Structures are given as C-alpha cells and as structure tokens.
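Report on one structure; see the data block that follows.
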C-alpha cells in the first residue's frame with residue numbers, strides 16, 4: 001500500500017461504528033471526527049422533513065427486511081411520508097419498465113407522473129455536445145428539464161428509472177422533491193451494475209486491473225488415483 005494513500009471507511013476491517021465491540025483503526029473517520037461536523041449533521045435531521053424521511057426509511061428497512069422488493073419498499077416509504085403523486089424520471093430505453101412501475105403505482109392508489117429523458121427533443125449539439133455523440137442518437141437527454149417539469153407537477157416523491165451516469169446527477173441536483181432510485185442503468189449487465197463488482201476478480205479483472213498480474217488457477221488434484 002502506498003504510504004501517501006489516504007485511508008477511509010473502505011479500508012477498515014472492523015466496522016466498529018456498527019458493532020461497538022471491536023477496535024477502531026487509527027485512521028477511523030468516527031474517532032477522528034470533528035465535533036462540529038457531527039453536530040452539523042445531527043442538526044440537519046431536524047430541518048424540513050428530514051427527520052420524517054429518516055424515520056420512514058428506518059421503518060421500511062425494519063418492516064420489510066429481506067422480504068420486500070425495492071418496488072414495494074418505495075410504495076411503503078411513499079405511504080409513510082404521505083406521498084401520493086409519484087414522479088418518474090426515466091430513460092427512454094427503460095420506457096417499458098417505467099410503464100410497468102406506473103401501472104403498479106396506480107393499482108396501489110398512487111398517481112404516477114412521468115417525464116422521459118428525451119423530453120423537448122433537443123439536439124445534442126445544441127448544448128455543445130460533440131457531433132460524434134449523435135451517432136448513437138441525435139436527441140440529447142434533458143435531466144434538468146425532467147426535474148423542472150416534475151417540480152411544476154408538484155410531485156411528492158420522484159423515482160429515477162435508468163437515467164445515464166451524470167444525467168442522474170443533474171436530475172438529483174434540480175429536483176425539488178426527495179428522490180429515490182428504482183433502476184440503475186447498466187447496458188452491459190442488464191441493469192445490474194453490481195455484477196461488475198462481483199466479477200471484478202474474474203471476468204472483469206483484466207478490464208479493471210490492467211496492470212495487475214493475471215490470476216492463476218491451479219487444477220484440483222485428482223485424489224482418486
């Protein structure tokens with residue numbers, strides 16, 4: 001490990017902040033925390049609806065732990081925070097998923113309101129995107145307009161379905177309602193981005209660690225001889 005490497009929570013092997021019966025590492029963010037940072041965060045939970053959101057989130061986690069799908073979790077969460085009009089910010093490539101989700105919402109007493117990523121049909125070059133990017137489609141994604149239209153629709157909770165990396169960042173920034181994500185797009189893994197992490201040391205090893213030595217696999221010895 002490089003001496004100048006900054007260590008953080010991913011480098012901890014104890015997670016004592018949760019278990020409380022282990023040893024904190026020297027670089028632990030909890031033990032090195034500035035008191036004003038902790039107080040700032042705790043005070044924020046009393047602002048606006050943050051406390052209500054935190055309590056509802058914890059209750060959903062507890063009540064549906066390893067039982068509810070994320071679709072159901074979102075609906076239960078929406079009920080707890082009294083969200084009725086549910087905004088959907090979806091990628092055009094996941095329009096079928098958005099339609100199914102909207103159908104489920106309606107069947108459960110909610111009012112879905114969706115804005116697709118290509119809304120307004122603007123050319124990619126209109127905002128300075130290189131013309132070559134139009135080879136996979138001329139119309140730009142418009143996450144800022146998606147957020148504005150959902151804001152104008154006075155949605156109570158917004159749900160992201162498959163917005164592109166970066167486009168989702170802009171949507172989160174401009175959405176006035178709280179946002180949760182139902183589907184994270186990954187065109188290679190069938191919208192299961194964690195698959196690349198689970199195979200990082202097998203199928204994806206060469207792609208993610210190009211300078212690392214190739215892993216060797218020794219065949220199991222035949223003990224029947």
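For region 20-64, the equivalent ellipsoid derived from the alpha-carbon gyration tensor has semi-axes of 26, 18, 6 Å in decreasing order.
Counting pairs of alpha carbon atoms under 8 Å apart in space and at least six apart in sequence, what relative contact order in percent does the chain give? Here the relative contact order equals 14 percent. Ordered by the number of other Cβ atoms lying within 10 Å of each residue's own Cβ, fewest first, 125, 6 fall into the sequence 6, 125. Within region 65-161, the percentage of alpha carbon pairs spaced more than 17 angstrom apart rounds to 55%. Summary of the geometry: region 80-157 and region 23-54, compared by the centres of their Cα atoms, lie 33 Å apart. With neighbours defined as other Cβ atoms within 10 Å of a residue's Cβ, the residues 178, 203 order from fewest to most as 203, 178. Dividing the helix sum by the residues of the chain, where each DSSP H run of 4 or more adds -39500 (n - 2.57), gives a mean residue ellipticity at 222 nm of -10000 deg cm²/dmol.
Sort 68, 40 by Cβ crowding within 10 Å, fewest neighbours at the top.
In order of increasing Cβ crowding within 10 Å: 40, 68.
Restricting to region 69-211, compute how many DSSP beta bridges are antiparallel as a %, nearest 5. Within region 69-211, antiparallel bridges account for around 5 percent of the total. Over the chain, with a Gaussian network built from C-alpha contacts below 10 Å, which listed residue (27, 77, 171) shows the highest mean-square fluctuation? Residue with maximal mean-square fluctuation among 27, 77, 171: 27. The share of alpha-carbon pairs in region 12-133 lying farther apart than 24 Å comes to 57%.
At full extension, residue 165 and residue 54 could sit 37.4 nm farther apart than now, given 0.36 nm per residue minus the alpha carbon distance. Where (1) 51, 42, 33; (2) 46, 40, 37; (3) 66, 49, 45 are the candidate values, the label of the one calculated here for Cα extents along the principal axes in Å is (3).
Treating only the Cα positions of region 112-184 as identical point scatterers, give the base-10 log of I(q)/I(0) from the Debye formula at each q in 0.13, 0.15 Å⁻¹. So the normalised log intensities work out to -0.37, -0.49.
Throughout, read-outs are computed from the coordinates displayed, never taken from laboratory work. Note that this is a predicted model, so its numbers are computed, not measured. In this analysis, Cβ positions are derived from the backbone assuming ideal geometry, glycine residues included, and neighbour counts consider all displayed protein chains.
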